[in-house]
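Worksheet: the structure to be examined is printed underneath.
The values are calculated or read from the model by the stated rules, or taken from the named source; none is laboratory data. If you're wondering where the values come from, they're calculated on a predicted model, not measured in any experiment. All Cβ positions, glycine included, derive from the backbone under ideal geometry; neighbour counts span all protein chains shown.
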Amino acid sequence: MGVINDDAVSIDKGKKAGDPYVITVNCPDKTGLGCDICHSILEYGLYITRGDVSTDGKWCYVILWVIPHSTSRVVRWVSLKERLQSFCPPSITPFYLGQSSPRATSSPVYLLKFCCVDRKGLLHDVTQALDELELEIQKVKVSTTPDGSVLDLFFIRDNLSLLHTEERQDETCRRLYEVLGDSCISCELKLAGPQYDKLQSISSLSQHDAEEIFSFTLSEKELRSQALSPDITELKRATVKTDNSLSPSHTLLQINCVDHKGFLYDIMRTLKDCNIKILYGRFSPVIKGRRELDLFIQNQDGKKIVDPDKQDALCSSLKLELLHPLRVLIRNRGPDTELLVANPVELSGRGRPRVFYDVTYALKDLGICVFLAEIGRHQATEREWEVYCFLLEENSRFPLSTRGARNQIVDKVRRTLMGW
């Protein structure tokens, strides 16, 4: 059988208070490993300050300097190390006929159903509690009754793969009772049934809204009006270019863009979906709010990228993902106001981490209650998207019918998602 190297991942604390933690991954190489690493680092609420990647095509060495996005959030370093180790290929490949390398099995989906009295910030408080328990939210169906009660359906997976045990289930319900207090009416946890499959798609998304939120292009007009930048009044270009003159066997990919949360994940996700291999890379620290990185890359066949059309397609895809990694739209849904947030799904089917967490945090900070919430998938522009829908409650501080209040909501949600 393949042997998993327990020393493949190490996490070392900085020498002084405030210094970054150093994550080192030393294991056999595979296409997409960088994406898997960056996805987990983003999921655990960490920010990559700088890093180096090198590989000979068979073995890779990755070193990343990371800091928590929030000083108030406790990072589960042991759990992160175990997660990163699960992505590392075995150091000894299987040699017996019919044997395969051991892989981490995915936890089944469970339905967490609870009823309570509504209040401001409730949805985010529950989301934060699930995050602290290492329970990953797959789908959500939240509804508010006329009498002010909330019925929430959270479809979750356990990153610790222990939710089948009575002890883990009791721990989850106990934690929710602590968060909800006396307002909690009931709490139930069980394996998800057919109702989970029925929530895969977003039925309320109209064709007009789909075109507006998904059909972004790189025209000059949209670069100026739609790009997610710290100051949307100033044009913030993303520069992506290739160079084949510096190496006989590698293509140099150079990227310069405004920094944002998940910056490296967006790049690695795009390269993984395009079957591009990274042979060497250096991620420089942020300078005046911008990121620069150089990557030496190859096609899946181990050759440099010489086709001009493929070079242009890769650069265009990266520019689009760096300028529009998340789409935010606020609209009328009959007499109500709905907030839509969308992000592309990896070809593997995995969505972007912590989107629901960040959006509910932004709404809680604004003092806005959520009447209905839903997560689903939508197929558009030849790819799959994860879509988050929030039906917002009117309040005196934010009269949702005014353009100023709506712009403020969109701006707050965008900045929270992007880490600005």
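Kindly indicate whether any position in segment 363-370 is part of a strand (DSSP E or B), surrounded by 19 or more Cβ atoms within 10 Å (Cβ to Cβ) and in contact (Cβ under 8 Å) with a residue 12 or more places away in the chain. Steps first, please.
First pass over segment 363-370, keeping only residues part of a strand (DSSP E or B): 370.
Cutting the leftovers down to surrounded by 19 or more Cβ atoms within 10 Å (Cβ to Cβ) gives us 370.
Pick out the ones that are also in contact (Cβ under 8 Å) with a residue 12 or more places away in the chain and you get 370.
Yes, some residue in segment 363-370 is part of a strand (DSSP E or B), surrounded by 19 or more Cβ atoms within 10 Å (Cβ to Cβ) and in contact (Cβ under 8 Å) with a residue 12 or more places away in the chain.
Looking only at residues in segment 222-265 that are assigned to a loop (DSSP other than H, G, I, E, B) and polar (S, T, N, Q), which one is modelled with the highest pLDDT?
Looking at the filtered set, the residue picked out is 244.
I want to confirm something. Restricting to segment 137-161 and keeping residues that are of a type in the set (Asp, Glu) and assigned to a strand (DSSP E or B), which single residue is farthest from residue 82 (Cα to Cα)?
152
Hey, can you tell me all the residues within segment 359-372 that are within 25 Å of residue 269 (Cβ to Cβ) and touching a strand residue (DSSP E or B) at 6+ places or on another chain (Cβ under 9 Å)? If you could, list the steps in order and put the result at the bottom.
Step one: list which residues in segment 359-372 are within 25 Å of residue 269 (Cβ to Cβ), which gives 359-362.
Scanning segment 359-372 gives 359, 360.
Considering only residues that are out of contact with any His (no Cβ under 6 Å at 6 or more places or on another chain), buried (at least 19 other Cβ atoms within 10 Å of the Cβ) and either aliphatic (A, V, I, L, M) or assigned to a loop (DSSP other than H, G, I, E, B) (or both), which ones fall in segment 275-292? Step through it out loud before you land on a result.
The first filter runs over segment 275-292 and keeps only residues out of contact with any His (no Cβ under 6 Å at 6 or more places or on another chain), leaving 275-278, 280-292.
Keeping just the survivors that are buried (at least 19 other Cβ atoms within 10 Å of the Cβ) gives 276-278, 281, 283, 291.
Across segment 275-292, the qualifying residues are 276, 278.
Residue by residue through segment 139-156, note down the ones that are surrounded by fewer than 18 Cβ atoms within 10 Å (Cβ to Cβ) and without any contact (Cβ under 8 Å) to a residue 60 or more places away in the chain. Outline the logic, then answer.
Restricting attention to segment 139-156, the residues satisfying the condition of being surrounded by fewer than 18 Cβ atoms within 10 Å (Cβ to Cβ) are 143, 145-149, 151.
Selection gives 145, 146, 147, 148, 149, 151.
Per-residue answers, yes or no, for (1) surrounded by fewer than 19 Cβ atoms within 10 Å (Cβ to Cβ); (2) hydroxyl-bearing (Ser, Thr, Tyr):
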site: 358; (1), (2): no, no
site: 361; (1), (2): no, yes
site: 380; (1), (2): yes, no
site: 400; (1), (2): yes, no
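For the list (1) assigned to a helix (DSSP H, G or I); (2) over 20 Å from residue 364 (Cβ atoms); (3) not hydrophobic (A, V, I, L, M, F, W, C), I need the number of the one condition that residue 164 fails.
(1)
Yes or no: residue 295 part of a strand (DSSP E or B), within 23 Å of the chain's Cα centre (by Cα) and surrounded by 16 or more Cβ atoms within 10 Å (Cβ to Cβ)? Steps first, please.
Values: part of a strand (DSSP E or B): yes; within 23 Å of the chain's Cα centre (by Cα): yes; surrounded by 16 or more Cβ atoms within 10 Å (Cβ to Cβ): yes.
Judged against the criteria, residue 295 is a match.
Any idea which of 162, 130, 189 is buried (at least 16 other Cβ atoms within 10 Å of the Cβ), of a type in the set (A, V, I, L, M), at pLDDT 90 or above and farther than 21 Å from residue 341 by Cβ? Write out each step before concluding.
Working: 162 fails: buried (at least 16 other Cβ atoms within 10 Å of the Cβ); 130 fails: farther than 21 Å from residue 341 by Cβ.
Exactly one of 162, 130, 189 is buried (at least 16 other Cβ atoms within 10 Å of the Cβ), of a type in the set (A, V, I, L, M), at pLDDT 90 or above and farther than 21 Å from residue 341 by Cβ, namely 189.
What are the residues in segment 270-312 that are closer than 26 Å to residue 349 by Cα and among the basic types (Lys, Arg), if any?
272, 277, 310
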